[in-house]
Amino acid sequence: MPYLSVSRILINTFESLDIPSSRIKRIVSDFRAEMSRGLCAQKSSLKMIPTYVDAPSGKEKGRFIALDLGGTNLRILELELAGNARIRSSFEKRFTLENKYTSGRQEDFFDFICECIQKFAEESKISLKAGLSLGFTFSFPIRQTGVSSGILLRWTKDFSVKGVEGKEVVGLLRKSLIKKGLNYIKIAALVNDTVGTLVARSYSDPDCDIGVILGTGTNACYRERISQIAKLKHNTLKTTNMIINIEWGNFNKLKLAPFDAELDKASVNPGEQILEKMVSGMYLGEIARIIIRDLAKEKILFGAADTTALNRRGVFVTRYLSDIEADSSNGLLKTQRLLRGLGIRNSTLRDRVLVKKICELVSRRGARLSAIVLAAVITKIDSRLLRKHTIAIDGTLYEKHPGYAQVIKATLNEIFGRKSAKIKLALTKDGSGKGAAITAAAIIRMKSKEVN
Ligand code: BGC
């Protein structure tokens, strides 16, 4: 490598994390082109999956169980839908998804889910035998084969349970339910978490037409006109719109910096989920680690200190990024403590300022990218931004990461100018599970209308 001065190396690093305004238009148009190709079943990195579900009417009623399988945990909740756009959640329990299940055998994984349902029933004293229906939120790419069935296309977010890809997941869950004596549970709906989030918000907000998750993984869905979904072969919906699960995490028309390429190569799914690897909580810490490690190798950071700890994949978790960015202590002492915890004893104030700057740039790039692809989705629905749009968003990055939501807003403003006032970003907490219950209610309502 030719000799580069310290300032040149730093400028190169900072520039590779920047998305200048001049690049935004290109990303928006590439994303729009991929969306269109995906809708016609042409080769595209965007799957554009028809869900056979549309936004609810707000009149859906009843008591339901929601099973919400996300990236880091499994949530089970009991929900009461009042039928007047109000939802009451009476009991909720979270279970950690340990690595032995997320990378283990198919039977153990689904049996574990059923054991969690049993524990939930015991603690809540809710009688599942009463015939409650269940809405299942499954936060992975599934090709829906109906409203309550779907085939897992591939695992994401480091999940690698064996023998599930290419299989119908509700069937696998049902098999375990029967084995565990829980056969009376009816699975009425299978939804992606983005769909759950959109549905939950639109239960009380008719302007909501996009659902986004910015958490361990990232993705979005939106309401598309059925006439635009050229690949749709059969349709049971009587509405003019259908929710499309974009699976935007797999968007791959993006320029990778060397640290992105290294992260991708070492991941369980190289070449896949490229946008997700630049945006979501699962990966931001790792990007920062690679950059900091490289600067330490060049002796631009931490002088002669021992930094071998930085060579280990995964040691710099995304939570550190949040903590460092939020550090406003004099001398960045919290950051100092955190670095000590990683084995870096003697950081100078300059080191810590630089580390903080890198963390900010890594998360800022992610937030800008998510705003840019969101802008592409908005223009697909409403090219001149004539209507109001509520974007239902959930996920810890959006909710908790310092400054993340503000960067998204500022980037939308940069793209749409004053018209961005038409876009409302609405944090929709725990929408994924609620939406699954509402979808279950909507499906039951539709079926009963068909019978009568
Ligand atoms: C999955 C999506 C999911 C997103 C957010 C991604 O890894 O592919 O289906 O919606 O994570 O949880």
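Here is a check on your reading of the model: is I372 of a type outside the set (S, T, Y), under 23 Å from A188 (Cα atoms) and either at pLDDT below 95 or in contact with a Ser or Thr (Cβ under 7 Å, 6 or more places away or on another chain) (or both)? No: the conditions fail for I372.
Of note, L254 satisfies the criterion of being modelled with pLDDT of 95 or more, under 20 Å from the mean Cα position of the chain (by Cα) and not small (G, A, S). Restricting region 403-428 to residues that are of a type outside the set (V, I, T) and touching a His at 6+ places or on another chain (Cβ under 9 Å) leaves a set whose member that is nearest to S328 (Cα to Cα) is K424. In region 207-321, counting only helices (runs of 4 or more DSSP H) that sit wholly within it, the ones holding 2 or more residues that are among the aliphatic types (A, V, I, L, M) and surrounded by 15 or more Cβ atoms within 10 Å (Cβ to Cβ) span 274-279, 284-297.
Could you list all residues from region 369-387 that are assigned to a loop (DSSP other than H, G, I, E, B) and either on the phi < 0 side of the Ramachandran plot or in contact with a strand residue (DSSP E or B) (Cβ under 7 Å, 6 or more places away or on another chain) (or both)?
D382, S383, R384, L386, R387
When T102 is tested against (1) more than 18 Å from K434 (Cα to Cα); (2) in contact (Cβ under 8 Å) with a residue 60 or more places away in the chain; (3) within 16 Å of the ligand (Cβ to nearest atom), just one condition goes unmet, and that condition is (2). Residues in region 277-312 that are within 16 Å of the ligand (Cβ to nearest atom) and of a type in the set (D, E, K, R): K277, E286. Of the numbered criteria (1) crowded, with 19+ Cβ neighbours inside 10 Å; (2) over 30 Å from G285 (Cα atoms); (3) touching a helix residue (DSSP H, G or I) at 6+ places or on another chain (Cβ under 8 Å), the one R387 fails is (1). Among the residues here, K357 qualifies as surrounded by fewer than 20 Cβ atoms within 10 Å (Cβ to Cβ) and in contact with a Phe, Trp or Tyr (Cβ under 9 Å, 6 or more places away or on another chain).
Return yes when T390 is in contact (Cβ under 8 Å) with a residue 24 or more places away in the chain, of a type in the set (S, T, N, Q) and not in a strand (DSSP E or B) and no when it is not. Judged against the criteria, T390 is not a match.
Cβ-Cβ contacts under 6 Å between residues 6 or more apart (or on different chains), taken from a first residue in region 73-99 that is touching a residue at least 40 places away in the same chain (Cβ under 8 Å) and within 30 Å of D207 (Cα to Cα) to a second residue that is of a type in the set (A, V, I, L, M, F, W, C) and assigned to a loop (DSSP other than H, G, I, E, B), are listed as L74/L97; E78/I126. Taking S227 and the conditions (1) more than 10 Å from the ligand (Cβ to nearest atom); (2) hydroxyl-bearing (S, T, Y); (3) touching a strand residue (DSSP E or B) at 6+ places or on another chain (Cβ under 7 Å), which numbered condition does it fall short on, given that it satisfies the others? The one condition S227 does not meet is (3). Residue pairs whose Cβ atoms lie under 8 Å apart, sitting 6 or more positions apart in sequence or on different chains, and linking a residue in region 145-158 that is without any contact (Cβ under 8 Å) to a residue 60 or more places away in the chain to a partner that is more than 11 Å from the ligand (Cβ to nearest atom) and part of a loop (DSSP other than H, G, I, E, B), are I151/G166; I151/K167; L152/V164; L152/E165; L152/G166; L152/K167. One residue alone among I438, I443, I415 is at pLDDT 95 or above and β-branched (V, I, T), and that residue is I415.
The values are calculated or read from the model by the stated rules, or taken from the named source; none is laboratory data. Note that this is a predicted model, so its numbers are computed, not measured. Glycine also receives a Cβ, built like all others from the backbone with ideal geometry; neighbour counts cover every protein chain displayed.
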